[in-house]
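The values are calculated or read from the model by the stated rules, or taken from the named source; none is laboratory data. These figures come from a predicted structure and were not determined experimentally. Cβ: placed from backbone, ideal geometry, glycine included. Neighbour counts: every protein chain shown. These area figures cover heavy atoms from the full protein model, side chains too; ligands, DNA and RNA do not enter into them. Shrake-Rupley method; radii C 1.70, N 1.55, O 1.52, S 1.80 Å.
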Amino acid sequence: MSDILDVVIIGAGLSGVGAACHMKRSCPERKIAILEGRERSGGTWDLFRYPGIRSDSDMHTLGYSFKPWEASKAIADGSSILSYVRETAKEYGVESLIRYQHKVKKANWDSQEQCWELTIDDGASGEPTSLKARFLHLCAGYYNYNHGHQPEFPGRDTFKGEFIHPQFWPEDLDYEGKRVLIIGSGATAMTLVPSMADKAEEVVMLQRSPTWVVSRPSTDWIANLLRSVLPKSWAYSATRWKNTRMQHWLYKKTRKQPEKVRQMLLDRTRKELGDAGDMADFTPQYDPWDQRLCLVPDSDLFAAIKSGKARVVTNQIETLTPEGVRLEDGTEIAADIIVSATGLELELMGGIDLQVEGVHFDIPSSWSYRGMMCTGLPNMVSVFGYINASWTLRADIVSQWMCRLLAHMDSTGATVVTAEIEDDLPAMTPRPWIDDFSAGYMQRVMHLFPKQGDRSPWVNSQNYLREKREFEEMRFDEAALRYRSPADIESEAQRAA
């Protein structure tokens, strides 16, 4: 075992790099390390390599609060986002803190030593290794990097062409002049269709049911104008303010006036599609933002459909065949390549086996404190972003909050903090950790998450504007946070003896 580190950050993607930068900015004296299971930084933006990979929200809100996004395109391609993350890591001196090929398999809280003992697979040496840390900051994202969600399609073994999942895109895939069938209707599918249509003979997007789509320009002319006349940090802050409030306004509108938003989106889609397709393929049965809206930058999906190189089919698969797929209505679609854009498989807490005193910690039995701590888990804060806004908005405020929490603990002499239900709190009605969101990738694993309560601070509000204000103004002596000092722990040990 090496010396005990102050903070270990799990993950060197967008969230992890940002968390380390916040630590460098707010508490540079702390000894920290970033553990990354892969060989490279960047997380999602390094892993995914499929054609057209891009952000599904604007970079003025997906970017860091402290690092202006300066490119002209607000809806950015994956390589540009990856460069931004790595440039930030270099600029703030956190690149040297990353320990690559360090996959954390187990984390055990030792009350006596007041630290986390980490069991790590060291990919470079092939040997397990260990590390101790006073505090854990989980920034490992929300999905399994080793495999995506893959339904079992009848007849898959009979298909003679190439069958691909976007999470594991072959670098040498040649689809020029080929018939491509994309199964799915989410952001990945809608990115792939226009990106592959220019080379493929035809691209068909096969969906079980329609998804809400909204088209917008990939450039933000207001942001670009502001950057031309204001200091870049001012322009970035103003654009971020504008965009977060627009996102919030639209989401609230969908909750209060779903029919009005539904009609607005359908009218816009009808105008974009024209006579090139069937509106039934773009008319979902659920309300807007019951699942995440799919962004179509510069109307590229509709342009591909209008060109005749792409089309959308809404139906169920009966079976795969040697030449493609046969649908339940008997229709057959020929394909040389099938892309199964069927979604991600969520992975809670980075897939780490969390233990307290050597006993496995049952996450579903715990309560969620502000969506970032679990009752019964000391000295651990995790990042899970918004489902209705950009991920980094929440990653930023959680990491900033944690830096202030650590400063508060230093000032009071506390070494341990745990979220605990207040003794005099009336019984709460448990709710799913994220409710009012019907997306399959969330519903498949919601039973594995901690419970959400029915009052603050035991709610996961998914409301950036509210949380930003609350996190900045909250007192760290609230009853839900229980602190312990070395003297408290020694006294407890003496009483136990």
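Counting only residues that are of a type in the set (Ser, Thr, Tyr) and surrounded by fewer than 16 Cβ atoms within 10 Å (Cβ to Cβ), region 418-435 holds 1 of them.
Within region 286-300, the set of residues being touching a strand residue (DSSP E or B) at 6+ places or on another chain (Cβ under 7 Å), closer than 24 Å to Gln462 by Cα and part of a loop (DSSP other than H, G, I, E, B) comprises Leu293 only.
Only residues that are assigned to a helix (DSSP H, G or I) and either more than 23 Å from the chain's Cα centre (by Cα) or polar (S, T, N, Q) (or both) were counted in region 321-377, giving 1.
Check Thr191, Thr211 and return the single one that is under 19 Å from Val296 (Cβ atoms), of a type in the set (Val, Ile, Thr) and either in contact with a Ser or Thr (Cβ under 8 Å, 6 or more places away or on another chain) or open to solvent by 60 Å² or more (accessible area, probe 1.4 Å) (or both). Steps first, answer last, please.
Numbers: Thr191 fails: either in contact with a Ser or Thr (Cβ under 8 Å, 6 or more places away or on another chain) or open to solvent by 60 Å² or more (accessible area, probe 1.4 Å) (or both).
Every option except Thr211 fails the conditions.
Of all the criteria given as (1) in contact (Cβ under 8 Å) with a residue 40 or more places away in the chain; (2) touching a strand residue (DSSP E or B) at 6+ places or on another chain (Cβ under 9 Å), the one not satisfied by Glu127 is (1).
May I ask you to verify whether Val381 is crowded, with 17+ Cβ neighbours inside 10 Å, over 26 Å from Thr188 (Cβ atoms), modelled with pLDDT of 95 or more and in contact with a helix residue (DSSP H, G or I) (Cβ under 8 Å, 6 or more places away or on another chain)? Before you say what the answer is, go through the steps one by one.
Details: crowded, with 17+ Cβ neighbours inside 10 Å: yes; over 26 Å from Thr188 (Cβ atoms): yes; modelled with pLDDT of 95 or more: yes; in contact with a helix residue (DSSP H, G or I) (Cβ under 8 Å, 6 or more places away or on another chain): yes.
The answer is yes for Val381.
When we screen Gly186, Gly161 for residues that are within 19 Å of Asp56 (Cα to Cα) and in contact (Cβ under 8 Å) with a residue 60 or more places away in the chain, the only hit is Gly186. Candidates are the residues of region 88-103 that are in contact (Cβ under 8 Å) with a residue 12 or more places away in the chain and assigned to a helix (DSSP H, G or I); the one that is farthest from Thr239 (Cα to Cα) is Leu97. The listed residues are Met372, Met349, and the only one of them that is under 26 Å from His22 (Cα atoms) and either open to solvent by less than 10 Å² (accessible area, probe 1.4 Å) or among the charged types (D, E, K, R) (or both) turns out to be Met372. Given (1) open to solvent by 30 Å² or more (accessible area, probe 1.4 Å); (2) over 30 Å from Ile363 (Cβ atoms); (3) of a type outside the set (D, E, K, R), identify the lone condition not met by Gln101. Evaluating Gln101 over (1) open to solvent by 30 Å² or more (accessible area, probe 1.4 Å); (2) over 30 Å from Ile363 (Cβ atoms); (3) of a type outside the set (D, E, K, R) leaves (2) as the failure.
Here is a check on your reading of the model: is Ala189 part of a loop (DSSP other than H, G, I, E, B), in contact with a strand residue (DSSP E or B) (Cβ under 6 Å, 6 or more places away or on another chain), within 20 Å of Ile338 (Cα to Cα) and at pLDDT 95 or above? It is false that Ala189 is part of a loop (DSSP other than H, G, I, E, B), in contact with a strand residue (DSSP E or B) (Cβ under 6 Å, 6 or more places away or on another chain), within 20 Å of Ile338 (Cα to Cα) and at pLDDT 95 or above. When Trp109 is tested against (1) surrounded by fewer than 23 Cβ atoms within 10 Å (Cβ to Cβ); (2) more than 27 Å from Trp391 (Cα to Cα), exactly one condition is not met: (1). Take the conditions (1) crowded, with 18+ Cβ neighbours inside 10 Å; (2) assigned to a loop (DSSP other than H, G, I, E, B); (3) under 18 Å from the mean Cα position of the chain (by Cα); Val85 misses just one of them, which is (2). Go through region 239-258 and give me each residue that's over 16 Å from Val214 (Cα atoms) and either out of contact with any Leu (no Cβ under 8 Å at 6 or more places or on another chain) or among the polar types (S, T, N, Q) (or both). Answer for region 239-258, where residues must be over 16 Å from Val214 (Cα atoms) and either out of contact with any Leu (no Cβ under 8 Å at 6 or more places or on another chain) or among the polar types (S, T, N, Q) (or both): Thr239, Arg240, Trp241, Lys242, Thr244, Lys252, Arg255, Lys256, Gln257.
The residue pairs whose first member lies in region 440-465 and is open to solvent by 30 Å² or more (accessible area, probe 1.4 Å) and modelled with pLDDT under 95, whose second member is β-branched (Val, Ile, Thr) and outside any helix (DSSP H, G or I), and whose beta carbons are closer than 6 Å, counting only pairs six or more residues apart or on different chains, are Asp454/Thr429.
Condition first: open to solvent by 30 Å² or more (accessible area, probe 1.4 Å) and assigned to a strand (DSSP E or B). Now tell me which residues in region 150-186 satisfy that. Of everything in region 150-186, those that are open to solvent by 30 Å² or more (accessible area, probe 1.4 Å) and assigned to a strand (DSSP E or B) turn out to be Glu162, Phe163, Arg179. Those helices (runs of 4 or more DSSP H) of region 8-76 in which at least 2 residues are surrounded by fewer than 22 Cβ atoms within 10 Å (Cβ to Cβ), considering only elements entirely within it, cover 14-26, 44-47. Test Thr244 against the criterion of being within 30 Å of Met205 (Cβ to Cβ) and polar (S, T, N, Q), and give yes or no. It is false that Thr244 is within 30 Å of Met205 (Cβ to Cβ) and polar (S, T, N, Q). Is it the case, given these coordinates, that Ala389 is in contact with a Cys (Cβ under 8 Å, 6 or more places away or on another chain) and open to solvent by less than 20 Å² (accessible area, probe 1.4 Å)? Against the criterion (in contact with a Cys (Cβ under 8 Å, 6 or more places away or on another chain) and open to solvent by less than 20 Å² (accessible area, probe 1.4 Å)), Ala389 does not qualify.
Filter region 302-320 down to the residues that are aliphatic (A, V, I, L, M), in a strand (DSSP E or B) and buried (at least 17 other Cβ atoms within 10 Å of the Cβ) and list them by number. Even if it seems obvious, please write down each step before you answer.
Taking region 302-320 as the starting set, the residues that turn out to be aliphatic (A, V, I, L, M) are 303-305, 310, 312-313, 317, 320.
The next check asks that each one be in a strand (DSSP E or B); those that pass are 310, 312-313, 317, 320.
Selection gives Ala310, Val312, Ile317, Leu320.
Cβ separations smaller than 8 Å between residues 6+ apart or across chains give the following pairs from region 262-284 residues that are surrounded by fewer than 17 Cβ atoms within 10 Å (Cβ to Cβ) to residues that are among the charged types (D, E, K, R): Gly274/Lys306; Ala276/Lys306; Met279/Arg270.
Do the conditions hold for Thr392, that is, is it out of contact with any Asp or Glu (no Cβ under 8 Å at 6 or more places or on another chain), among the polar types (S, T, N, Q) and over 16 Å from Val8 (Cα atoms)? Even if it seems obvious, please write down each step before you answer.
On the way: out of contact with any Asp or Glu (no Cβ under 8 Å at 6 or more places or on another chain): yes; among the polar types (S, T, N, Q): yes; over 16 Å from Val8 (Cα atoms): yes.
Yes, satisfied.
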